[in-house]
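Asker: Handing you a structure now.
Nothing in this text is a laboratory measurement; each read-out follows from the coordinates by a stated rule. Keep in mind it's a predicted model, so treat the numbers as computed, not measured. When we count neighbours, we look across all protein chains shown, and the Cβ atoms used for this are built from the backbone with ideal geometry, even at glycine.
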Amino acid sequence: MIIDWNHIDTVLLDMDGTLLDRHFDDHFWLEHVPRTWAAKHHLPIDEAKEALYALFRSQEMTLNWTDLDYWSDRLGLDIPLLKREVDHLIAVHPFVVEFLLFLRQHGKAVHLITNAHGKTLDLKMHKTRLGPYFHRIVSAHDIGISKEDVRFWEALRERLPYDPARTMLGEDSEANLESASRAGIRELVYVSGYSSAVHPVASPRFTSVRHFGELLPR
Ligand SMILES: [Mg+2]
């Protein structure tokens, strides 16, 4: 077994890329938004992509990155509406439901911990029906600090008491695993199969699984 479950009583799980296929998010921000913005401003698509990708990069690692209201204002587009246009791409990764059931059957506290904005969370929970598997769902927007920042994991303990020494975190972001490691979280698992459109590559730094089926007993 990769994880000794006797030493774990809380499991924190990221949403996008970890539980859900990140192909939706990548396609949305890298294709759908630039295409809509290009049409609105009568620009060639390549020009729109260049401008928007630079704008997106400028907000990486901040809460603006996932703030739909910020991007609606900044781009002059109805971002929640555009998300609904491509919501058929929202998909749960293989073995996620089996893994969540396994955790609940073994009495673990299971929480969804995401940088995603409330509006994104609502859309995705509505579409996937995963909400009831979690004891608590926390958005970094409610805390006001993003997960890349070590202070996030400390602030989270005030809302949701957990013992870092008895906690596992599953993530598709090495930056978030890194900050969680500095906050003392014991088991850090990187999901290399974060997108159905990308070939999985293991992390050089963290325990890696392509999917959560690898953490289930055989
Ligand atoms: Mg993620």
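Asker: For LEU101 and SER192, calculate 0.36 nm times their separation in residues minus their Cα-Cα distance, and state this gained length in nm to one decimal. Working shown, then result.
Answerer: Working: separation 91, 0.36 × 91 = 32.76 nm, distance 2.14 nm.
Additional length available on full extension: 30.6 nm.
Asker: For the stretch 97-218, what number results from the quotient of the Cα radius of gyration and 2.2 N^0.38 Å?
Answerer: Rounded to two decimals, the normalised Rg is 1.04.
Asker: Per 5 Å bin from zero, what fraction in whole % of the C-alpha pairs of the stretch 24-88 is there, up to the bin with the longest pair?
Answerer: That works out to 4, 17, 30, 30, 16, 3, 0, in percent per bin.
Asker: Taking just the C-alpha trace of the chain, give me its Rg and Dmax in Å.
Answerer: Rg then Dmax for the chain, in Å: 17.6, 59.
Asker: Hey, another quick one. Given labels modelled 7 Å from the Cα in the Cβ direction, how far is it in nm from HIS27 to ASP78?
Answerer: 2.2 nm
Asker: Give me the percent of DSSP beta bridges within the chain that run antiparallel, rounded to the nearest 5.
Answerer: 5 percent
Asker: Let me ask something else about it. If R0 is 35 Å, what FRET efficiency do you get for HIS199 and ILE3 from their C-beta distance, rounded to 0.05?
Answerer: Efficiency at R0 = 35 Å is approximately 0.90.
Asker: Helix 118-128 against the longest principal axis of the chain: what's the angle in degrees, Cα atoms only, rounded to the nearest 10?
Answerer: Between helix and principal axis, roughly 70 degrees.
Asker: Could you tell me the center-to-center distance, by alpha carbons, between the stretch 32-60 and the stretch 93-125 in angstrom?
Answerer: Using only Cα atoms, the two centres lie 32 Å from each other.
Asker: Based on Cβ point charges of +1 for Lys and Arg and -1 for Asp and Glu, what charge dipole magnitude is obtained for the chain about its Cα centre, in debye rounded to the nearest 20?
Answerer: In debye, rounded to 20, the chain gives about 500.
Asker: Find the lysine pairs in the chain meeting two conditions, Cα atoms under 14 Å apart and a separation of 8 or more places or different chains, and report how many there are.
Answerer: The result is 5.
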